[in-house]
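Only one structure is covered here, and it is reproduced in the block below.
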Amino acid sequence: QFKKDNYRSANSPVQLDLSTFGEDWEYTANQMPSPAWYGPAKEDTYAKSGPLPSMRDYDLSFYPIVVGTKLYYGSTADDAIHCLDTKTGKEKWIYTTGGPIRIAPVYHKGKLFFGSDDGYAYCIDASDGELVWKFTPKEDQPKKVMNNNSLISFWPIRTGLLIEGGIAYFGASLLPWKESYFCAVNIKTGKPDIKGTYIKKYDDLTLEGAMASTGTKIIQPQGRISPIFFNKSDGVSKGQLAGTGGCFVLVTPELNIVHPQTSREKSIIETLISDPNQISDSNGKKAQFMTFKGGKEMVVNDSVSYILTDNSISAYNRNTKKVIWLQRNYQAHRIILAGDVLYVGGTDKVYGVSTKNGLPIWESSVNGTVNAIIVADNALFASTREGSIYCFRNGFKNNALLEKNKDELPEIAKEEIIDQKVENGNFDFFAGPFINAIDPNTIEIHFITKKPMQCSVNWKDGFGQEIISENSKNTDHRIIIPHVRKDFNYQYQIVSGDERSKFYEYDNMFNYTKHKTIKDNTVQKTDNKIADILKLNPSNKGVCIVLGEKNKELALDIATNSDMKVLLFERSESKVDQLRKEWQKTSFYGSKIAVHQVSDYSNLPITSDIAEVVLVNDPSIINAKEIIRLVKPEGYAVLLGKEKTFKKWLSSAKNLWQVDQINKDSKLYLKKKKIENIGKWTHQYGLADNSAFGGESLWGSTSTEDFEIQWMGRPGPRFQTDRSGRKPSPLATNGKMFVQGKERVLAIDTYNGKIFWSKEIPEMVRMNLHHDCSNWAADDDFLYITVNQNLIKLNSQNGKIDKIFPVDPSKNNIPNEWGYIGVLEDKMIGSSTQKGSAFKNYYGGVGWYDAQTGPMTYKVMSFALFAKSKEDGKEIWKYEKSTSAIINSTITISNKQISFVESRNPKMKLSKEGRGKSDIFKELYMVSLDVDTGKVNWEKKLDTKSGITTYFMAASKDFNVIISSFKGNYYIYTYNAANGDLVWKKEQSWFSDNHGGHLSRPAIVKNKLIIKPAIYKLNSGEKLKIEIPKAGHGCAS
């Protein structure tokens, strides 16, 4: 089982002979592992710590177990248990479930026990994979959810199963706001039908990761929060361990508990007692036994603890708490003990390490990152993140390392200090660099120079570097980088002669191009009858729903010839099992096609508005209302048959008004209309009016109980910078959501979570938007992103660059950059700011941006405002005054006019970065321009309080609203948008003086103005009795 026993000791008495140890065979799965969670946040920028520990790294590779001459593993890619012959690596049988299997199975008395994301715990025969029983604590599951391209239960079994005393223990859990179940069932029947079995329901838990047992208590990891204890006898919760989350749990022979200590850095702690409510033992000793900074895993043997960190392995005497030895530079991920040898999984390496001195006494190369290792059957098995399992045995070439290092004396290796000099660079780009993913292992670095140059890329990772050069001079440079590896981090630098850029970072975790699968020659394409169906979905991505086993050829054709995930629903359990067996031969079952058993086609367990294409050829098995429910807006239901067959069937659908009927190519199509009153979020605060309202009706919903999750999954926290930087918000329009991460952007299908594309854009950074404006906007077809001096126009369908528009030089020849960006009809509205004035730092206290006064509250200012053509960038008009400066956070577009506040104080002194200090609040004017001509509609001198903390403006059709925040109060001013006359003003106390409670900005919904927590009538200032409730945590969001 996982890590050998229920203590998760990873300690085996088996002693392998390493004298002629070598690779016996390599097995490569058809598909790579697909983890549940996509990497931890890279760093805690406020604490300046990192890399951060993963809270949920329990399924990075396929974790094998070995019994006799059989190896078993569960797959997160194809939803199956696989059985291999340990002597040959050949596959013996496969058993497929309804979802990914994330924790290794447990072998017990000829049976395998495991859990699946389909919400079931399973018992199968270990000899042939035949089902014995399956059980779920949540039989009445109303709907499932799309999670990283798989349809899973809201109560997946991600704890694995733990077997003790004839009882199987497991948890069913996913989201803390839904109930969780802790279960104990009879291993013979799969039911809670004997003494000591139960189903316990809990709130506010997230049970995931392999559990451990002390004999009387079960310790269950919970992802990002600390592990919880359950009484084994009755399932009663006994509280949580101190510290934070993580999935590593170890019970020592003394019944001490080893677990992660903090989420801010990698660190593990050993706690003396197994009761989390007890802080000291009977002798008054503190519960904390030892802590290991940097520790990721630990193995205990007698009086010695072996500790694994990112770069070292060490041995500690448990009695004296002193270091016995420490060796560095293993760059390891997993550690186990067998006999007197530590086996260590690294990157492209697996090691045998002497417990006497920490030196390698055997090593072998592998392809990939080793995240699972076991010893059994007189062999070592190593499983990589790339989906390979290696077997090593005796009987190969002599092992020279064994004699060289086995008798060396133990030592404490000194840490090598690497000089981390930062090169600022002097390379003069016109635009770029940008990174485009070509395939999972190939990328293109694209940049433009002002003059023809022959350039090279200095490309490196933690293991080496290479120079990749162009053959000739160019201005538009596209340099191909091959052999890029899954989930690796790289650094690169552009070089030409004496010019060199700074080093940029590329993280291949966010390369979402498709990995190739191992093709099976038995899979044949049928005729071209699906070509018309595939044309319905130009993106070639998303979800396709097919009903019934009799349509299996059509379903397989679509999966083979597109990037859509095909979900086939079938009522017959035997047909489901047979189809799964057939389609495992395709090499892409699970990732591109899957079969789900249902009892009623007219009540499918999947959310509404999810599928690009739904295929129907038998109206007798499903009602038309259900088909229309499943299709996403602008998606299609394809009715395969004669129109008269469907005529009566369609007339019964009460939601028929949601679709248009189209006859084409002897087929009847139902195209779903766009949702009425659907909103858009095309600018930082909704629309260009800064109202924080994009017109969304939410179908009249009034409570969170009216909502259910549509989908969940990628990209995950590693994609982002910390929220404390107050960075640009996501944008959403035309069925796509755009997310801005750490110098990268991602396009996601808003209805099913499919990723359309991702793009790396170094220098795309803007923070502290409370004192600036955003750096991007969108319309239905394009994204507009400001990067330094340029506006980058991206095609929102594929992420390709359409145009690059540089900002015009300033009148006074001061270096400038593109500041504001807004889009309206055929125009781009932009502004010019001093170079370097935008906030980009997000590290430490400086990057917290929660200050009330001081440099972090200075306002980013613009010195020109202009309109350009979206198509060719030609200037339409320009507003520029040499004696004034525009406050970026006030630029607002509504009702064909653009309004802003500018300071005309002749004594105004900006900071060296070009940011406005407190003196900008003298001689303030609100200005309104005609958005088509740039002509001044009106201007009014303002008498507002100094907005040193924040100063915002938002608009409706009839009113402009300014919020000025300073010294404990918000000052609210509402003006007539037609002439700038003051309509009403109010004062309101801050929500709080920290965590954003003093940074509230206006939200306008029809005739309501919201300044948290108060709500006012916009036209009169009358305060309403209802308020916005305070969030249930420290932040004011």
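The values are calculated or read from the model by the stated rules, or taken from the named source; none is laboratory data. All values derive from a computational prediction rather than experimental measurement. All Cβ positions, glycine included, derive from the backbone under ideal geometry; neighbour counts span all protein chains shown.
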In the range 318-333, how many are modelled with pLDDT of 95 or more and more than 18 Å from K293 (Cβ to Cβ)?
0
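Which of the following residues is in contact with a strand residue (DSSP E or B) (Cβ under 9 Å, 6 or more places away or on another chain), part of a loop (DSSP other than H, G, I, E, B) and basic (K, R): K92, K138?
On the way: K92 fails: part of a loop (DSSP other than H, G, I, E, B).
Step by step, each of K92, K138 is checked, and only K138 is in contact with a strand residue (DSSP E or B) (Cβ under 9 Å, 6 or more places away or on another chain), part of a loop (DSSP other than H, G, I, E, B) and basic (K, R).
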If you go through the range 294-301 one residue at a time, do you hit one that is assigned by TED's automatic domain parsing to the domain that holds G243, in contact (Cβ under 8 Å) with a residue 60 or more places away in the chain, charged (D, E, K, R) and surrounded by fewer than 18 Cβ atoms within 10 Å (Cβ to Cβ)?
no
Looking only at the range 551-589, count every residue that is within 30 Å of the chain's Cα centre (by Cα) and either of a type outside the set (K, R) or not assigned by TED's automatic domain parsing to the domain that holds K625 (or both) and tell me the total.
19
K667 vs (1) in contact with a helix residue (DSSP H, G or I) (Cβ under 8 Å, 6 or more places away or on another chain); (2) under 24 Å from M146 (Cβ atoms); (3) not hydroxyl-bearing (S, T, Y): all pass except (2)
Would you confirm, using the coordinates I've provided, whether D117 is modelled with pLDDT of 95 or more, of a type outside the set (A, V, I, L, M) and either closer than 23 Å to K3 by Cα or in a loop (DSSP other than H, G, I, E, B) (or both)?
yes
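Of all residues in the range 915-925, which are within 42 Å of the chain's Cα centre (by Cα) and in a helix (DSSP H, G or I)?
Hits for the range 915-925 are S918, I920, F921.
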Any idea which residue in the range 699-737 is surrounded by the fewest Cβ atoms within 10 Å (Cβ to Cβ), counting only those that are under 13 Å from the mean Cα position of the chain (by Cα) and outside any loop (DSSP other than H, G, I, E, B)?
M712
Could you pull out the residue among R264, R224 that is among the basic types (K, R), under 28 Å from S314 (Cβ atoms), touching an Asp or Glu at 6+ places or on another chain (Cβ under 7 Å) and in contact (Cβ under 8 Å) with a residue 60 or more places away in the chain?
R264
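For (1) closer than 30 Å to G695 by Cα; (2) in contact (Cβ under 8 Å) with a residue 12 or more places away in the chain; (3) aliphatic (A, V, I, L, M), each residue gets a yes or a no:
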site	(1), (2), (3)
P619	no, yes, no
V638	no, yes, yes
D665	no, yes, no
K672	yes, yes, no
Looking only at residues in the range 590-610 that are of a type in the set (G, A, S) and within 26 Å of the chain's Cα centre (by Cα), which one is surrounded by the fewest Cβ atoms within 10 Å (Cβ to Cβ)?
S608
Members of the range 657-714 that are under 21 Å from F952 (Cβ atoms) and among the aliphatic types (A, V, I, L, M):
L687, A688, A692
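In the range 738-760, how many are assigned to a strand (DSSP E or B) and not charged (D, E, K, R)?
Selection size over the range 738-760: 11.
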Among the numbered criteria (1) in contact with a Ser or Thr (Cβ under 8 Å, 6 or more places away or on another chain); (2) closer than 22 Å to K188 by Cα, which one does L112 miss?
(1)
Of all residues in the range 432-478, how many are farther than 21 Å from F756 by Cα and touching an Asp or Glu at 6+ places or on another chain (Cβ under 6 Å)?
5
Residue count for the range 429-486, restricted to those that are over 16 Å from E760 (Cβ atoms) and assigned to a strand (DSSP E or B):
18
Identity of the residue in the range 349-403, touching a helix residue (DSSP H, G or I) at 6+ places or on another chain (Cβ under 7 Å) and assigned to a strand (DSSP E or B), that ends up surrounded by the fewest Cβ atoms within 10 Å (Cβ to Cβ):
E363
Mind listing just one residue for me: the one in the range 315-332 that is in a strand (DSSP E or B) and in contact (Cβ under 8 Å) with a residue 60 or more places away in the chain and, of those, nearest to the chain's Cα centre (by Cα)?
R328
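Taking the range 840-884 only, how many residues are among the aliphatic types (A, V, I, L, M), in a strand (DSSP E or B), under 37 Å from the mean Cα position of the chain (by Cα) and under 22 Å from Y951 (Cβ atoms)? Before the answer, list the steps.
Initially, the range 840-884 is screened for residues among the aliphatic types (A, V, I, L, M), giving 846, 851, 856, 860-861, 864-865, 867, 876.
Remaining after also requiring in a strand (DSSP E or B): 860-861, 864-865, 867, 876.
If we keep only those that are under 37 Å from the mean Cα position of the chain (by Cα) as well, we get 860-861, 865, 867.
Narrowing further to those that are under 22 Å from Y951 (Cβ atoms): 860-861, 865.
Summing the residues that are among the aliphatic types (A, V, I, L, M), in a strand (DSSP E or B), under 37 Å from the mean Cα position of the chain (by Cα) and under 22 Å from Y951 (Cβ atoms) in the range 840-884 gives 3.
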Members of the range 664-690 found to be under 19 Å from N888 (Cβ atoms) and of a type outside the set (A, V, I, L, M, F, W, C), listed by number
T682, H683, Q684, Y685, G686, D689, N690
Would you say I628 is farther than 28 Å from K736 by Cα and either surrounded by 16 or more Cβ atoms within 10 Å (Cβ to Cβ) or touching a helix residue (DSSP H, G or I) at 6+ places or on another chain (Cβ under 8 Å) (or both)?
no
When you check T950 against the structure, is it in contact with a helix residue (DSSP H, G or I) (Cβ under 8 Å, 6 or more places away or on another chain) and among the hydroxyl-bearing types (S, T, Y), yes or no?
yes
Checking D689 against (1) more than 29 Å from N960 (Cβ to Cβ); (2) part of a loop (DSSP other than H, G, I, E, B), which single condition isn't satisfied?
(1)
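D59: assigned to a loop (DSSP other than H, G, I, E, B), closer than 30 Å to L161 by Cβ and without any contact (Cβ under 8 Å) to a residue 24 or more places away in the chain, yes or no? Break it down into steps so the answer makes sense when it comes.
Details: assigned to a loop (DSSP other than H, G, I, E, B): yes; closer than 30 Å to L161 by Cβ: yes; without any contact (Cβ under 8 Å) to a residue 24 or more places away in the chain: no.
It is false that D59 is assigned to a loop (DSSP other than H, G, I, E, B), closer than 30 Å to L161 by Cβ and without any contact (Cβ under 8 Å) to a residue 24 or more places away in the chain.
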